[in-house]
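Where a number appears in this text, it was derived from the coordinates with a stated rule and is not lab data. Given the structure is predicted, the values throughout are model-derived calculations rather than measurements. Virtual Cβ from ideal backbone geometry, glycine too; neighbours counted across all protein chains shown.
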Amino acid sequence: MARSLTDGTPLGVIGVGHLARFLVSGLRRSGDARPIILSPRNAVTSADLAATFGCHVRTDNQAVVDEAGIVLFATPPKACLEAIAALRWRPDQLLLSMVAGVDLAALQAAAPGARVVRAIPAPSAEAGADIIPICPEDCDVQRILAPLGEILQVTDEPTFQAIAAAGLCQVWAYGLIDAIALEIGAAGVPAELALRVAAGHLRAAAAFADFTRDKGGPRARLDAEARPGTLTGAGLATLEGAGAFEAWRRAYAAGLIRSRGHSSHAP
Ligand SMILES: NC(=O)c1ccc[n+]([C@@H]2O[C@H](COP(=O)([O-])OP(=O)(O)OC[C@H]3O[C@@H](n4cnc5c(N)ncnc54)[C@H](OP(=O)(O)O)[C@@H]3O)[C@@H](O)[C@H]2O)c1
């Protein structure tokens, strides 16, 4: 695993949008004080991040690459390869792509000589609560991103793509938590407490799924609890009757196709 960068190595960001916002916020919240250099496009977000987190906005993408030891790419997929190929990269400069659906071979061809690593974070990185796949293994990227959550170092790209697509499930789960919290609130519980309860139960379910990893998994426990005549069984019948779990599987499958290679704009 390559490792050459220090904790003070400047981080450049090309593609300053939603991802850049939560990532920069997460790094600063975790105490990362390295210089952060931003591309100028999307002037409103760049200026906001500069003012809020002490970042520096440069005049063009090349100025970001020239100044940064690590260059995080977060443009839309369609713009990514052309933008990378238009830049001069130093040998062994770290290009960290967070662009979905653009593979290592294409990135490497666009930036010959650069060290290319992929990572796919989700908005929970801002809270240090994410689970982030990176490919290939890289100690520098592991160290930089570790404060944002659990890092999964993956050697083969198909596995990385499948794990990366699962990040979408996390984001959809924000909607699931919201829907449950709304119903708890409609039953008379104050909204803030309702959200805390809904999030707490999803967090407990996730922790329990971890606990059952070598004990048959969480579904076995659900089936054991959902006996005929129980509230658990009645609710499970409602969910399965509505195709709730099947819908999640279909949504993941569609996300996986995009994760394996985009054919259209797919942020
Ligand atoms: N959002 C997420 O949660 C998330 C999670 C994982 C991965 N990703 C990946 O991260 C990337 C960005 O997603 P996003 O949600 O942050 O999208 P976004 O909000 O649209 O941000 C992308 C930014 O890149 C800018 N841009 C486009 N072409 C550029 C170029 N040639 N040079 C410099 N900047 C350029 C865009 O500017 P304009 O608006 O002027 O075009 C925009 O500000 C996507 O590839 C997506 O697959 C996103």
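Being assigned to a loop (DSSP other than H, G, I, E, B), at negative phi and loosely packed, with under 15 Cβ neighbours inside 10 Å narrows it down to one of T52, T75, T6, so name that one.
Numbers: T52 fails: assigned to a loop (DSSP other than H, G, I, E, B); T75 fails: loosely packed, with under 15 Cβ neighbours inside 10 Å.
Just one listed residue meets the conditions, T6.
Any residue at all in the stretch 99-118 that's closer than 21 Å to R21 by Cα, assigned to a strand (DSSP E or B), within 16 Å of the ligand (Cβ to nearest atom) and of a type outside the set (S, T, N, Q)?
Taking every residue of the stretch 99-118 in turn, at least one turns out to be closer than 21 Å to R21 by Cα, assigned to a strand (DSSP E or B), within 16 Å of the ligand (Cβ to nearest atom) and of a type outside the set (S, T, N, Q).
For the stretch 38-94, enumerate the residues that are farther than 20 Å from L27 by Cβ, more than 9 Å from the ligand (Cβ to nearest atom) and among the basic types (K, R).
Hits for the stretch 38-94 are R88, R90.
Looking at the stretch 55-72 only, could you name the residues that are surrounded by 15 or more Cβ atoms within 10 Å (Cβ to Cβ), of a type in the set (V, I, T) and more than 19 Å from the chain's Cα centre (by Cα)?
Those that are surrounded by 15 or more Cβ atoms within 10 Å (Cβ to Cβ), of a type in the set (V, I, T) and more than 19 Å from the chain's Cα centre (by Cα): V57, V64, V65.
Of all residues in the stretch 190-248 being assigned to a loop (DSSP other than H, G, I, E, B) and aliphatic (A, V, I, L, M), which is surrounded by the most Cβ atoms within 10 Å (Cβ to Cβ)? Talk me through it step by step, then tell me what you get.
Step one: filter the stretch 190-248 for residues assigned to a loop (DSSP other than H, G, I, E, B), giving 190, 212-217, 226-230, 242-243.
Now narrow it down to the ones that are aliphatic (A, V, I, L, M): 226, 242.
Values: A226: 16, A242: 10.
Within the stretch 190-248, the match that is surrounded by the most Cβ atoms within 10 Å (Cβ to Cβ) is A226.
For V171, only one of the following conditions fails: (1) farther than 25 Å from A194 by Cα; (2) among the hydrophobic types (A, V, I, L, M, F, W, C); (3) surrounded by fewer than 21 Cβ atoms within 10 Å (Cβ to Cβ); (4) within 12 Å of the ligand (Cβ to nearest atom). What is its number?
V171 satisfies all of (1) farther than 25 Å from A194 by Cα; (2) among the hydrophobic types (A, V, I, L, M, F, W, C); (3) surrounded by fewer than 21 Cβ atoms within 10 Å (Cβ to Cβ); (4) within 12 Å of the ligand (Cβ to nearest atom) except (1).
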